[in-house]
Amino acid sequence: MKAAIPTLFLILMIASPCLCNELGQVFNVISYGAVGNGKTDDTKAFAKAWEAVCNANGITSLIIPKGKIFLLNPVQFKGPCKATKVLVQVGGTIAASANLKTWTDIEKWIHFETVDGLVINGGGQIDGQGSVWWNACSDKALHFYNCNGLQLSNLRHLNSQKNHISISGCKGVKINNLRISAPEDSPNTDGIDISTSSNIEVLNTVMETGDDCIAINGGSSNITISGVACGPGHGISIGSLGKNGAFDTVEEVHVRNCTFKGTQNAARIKTWQGGKGYARKISYENIQIINSQNPIIIDQNYNPYSLNANAQSAVEISNVTFRNVYGTSVDEIAIDLVCSDHFGCSNIVLNNIDIKSAIPGKQTISRCNNAHGSTLSLCTPIVPCLSH
């Protein structure tokens, strides 16, 4: 039986901007009995501090001070609050208990619910103590649900139980200046997963993970990713989409000014054989690749477990542009456009691509199946299936 895992879970939450000097009434967890020595369970103290923050009027701030490690078991921070705006300022470290026997709720670690006007920042870190959960085949991780206008910045996230940050059912989210890290061999430790969300910005963030740095899943649109350094990891991926014949849609995703170093993939679109829906209006622009595998890859026939092997439907892939992509590939195939025999991919545009082999004396090549579109300038390697 697969074990569940803790998650930071926010429901029906609308976040709004907060000025740095606009702290309002300040509530420090130390004043409510938190010790912060990394050994004492500070869960009850945090719950008491939250009750005070939530029931105060006006703007309120929950302060988690620098220089201390606060050990937390599952805890719930529920609204609605009297406060008009709540700022959670994480200066120190919040660490999950590594003793699984103390977890009364193995689905959620830190749970925010029905809190209007929430901003989380402060320069501290959230440590999921993930290695215990990796061994337990854990299922979920840090999760924001229905968080409209959420702002998450200036934090370090490390060793998550699974995905470091999950964004689901959200609108108008801005993520900026994070550092996300987990070992290269840690299972399913995606940096950021986005699903059923729109108008999301991910900016100026460093990600070192055991899976996708960013994965954009079904129901997502108007996603901007800029200034991300990814590696190790599995790249910035659209999908997977259409698993078990599902109807999934993704559109208006724009990735620019990003670097991939030593990654398993870089710019990737992945849809399941037998899926339905579409992935369209997607661009990767100004991308640097350093010794990565699969620099540019579209896989419209993804099916590692031979599910629905005879299915002929596919998620339609169209209007995808790769522009100013350069660097070095560890694999011989630097551009891999593997599209469905029955549907194919349309309007795939390559513009100013220069991906050479990372191995001296070797050449890179491309591979195509039923991909249609054009190359607008010199492309290395040459992609003969696209018109010139």
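The values are calculated or read from the model by the stated rules, or taken from the named source; none is laboratory data. Just so it is clear, the structure is predicted and the values come from calculations on it, not from any experiment. Note that we place each Cβ from the backbone using ideal geometry, even for glycine, and neighbour counts take in every protein chain shown. Ligands, DNA and RNA are stripped out before the accessible areas are found, and what is left, the full protein with its side chains, is counted by its heavy atoms. Shrake-Rupley method; radii C 1.70, N 1.55, O 1.52, S 1.80 Å.
Descriptive notes on the structure:
- Taking label positions 7 Å along the Cα-Cβ direction at both K48 and I30, the computed distance is 1.6 nm, reported to one decimal.
- Full extension of the chain between K101 and E252 gives 49.9 nm of extra length, using 0.36 nm per residue less the Cα-Cα distance.
- For the pair N37 and V349 in one chain, pulling the backbone fully straight at 0.36 nm per residue adds 106.8 nm over the alpha carbon distance.
- Distance between the 7 Å Cα→Cβ label points at S131 and N324: 4.2 nm.
- Rounded percent of accessible protein surface that carbon and sulfur make up, the chain, 1.4 Å probe: 48
- Nearest-10 value in Å² for the accessible area of E285, using the 1.4 Å probe: 50
- Ranked by the mean number of other Cβ atoms within 10 Å of their residues, highest first, the peptides 67-78, 196-207, 86-97 fall in the order 86-97, 196-207, 67-78.
- Charged side chains reduced to their Cβ positions (Lys and Arg at +1, Asp and Glu at -1) give the chain a dipole of some 580 debye around its Cα centre.
- Modelled label reach - N204, point 7 Å along Cα→Cβ, segment 98-130 residues with backbone N closer than 20 Å: 119-126
- Residues R256, R179 ordered from highest to lowest accessible area at a 1.4 Å probe: R179, R256.
- Length gained when the stretch N176-R156 is fully extended (0.36 nm per residue, less Cα-Cα span): 6.1 nm
- Most mobile listed residue (H111, H342, H234) in the chain, GNM with C-alpha springs under 10 Å: H342
- In degrees, nearest ten, helix 43-55 long axis to first principal axis of the chain (Cα): 90
- For the chain, the relative contact order comes to 10 percent (Cα pairs under 8 Å, sequence separation of at least 6).
- FRET E, pair H372, N291, Förster distance 25 Å, beta-carbon r, rounded to 0.05: 0.25
- Largest to smallest accessible area among D248, D212, D354 [probe 1.4 Å]: D354, D248, D212
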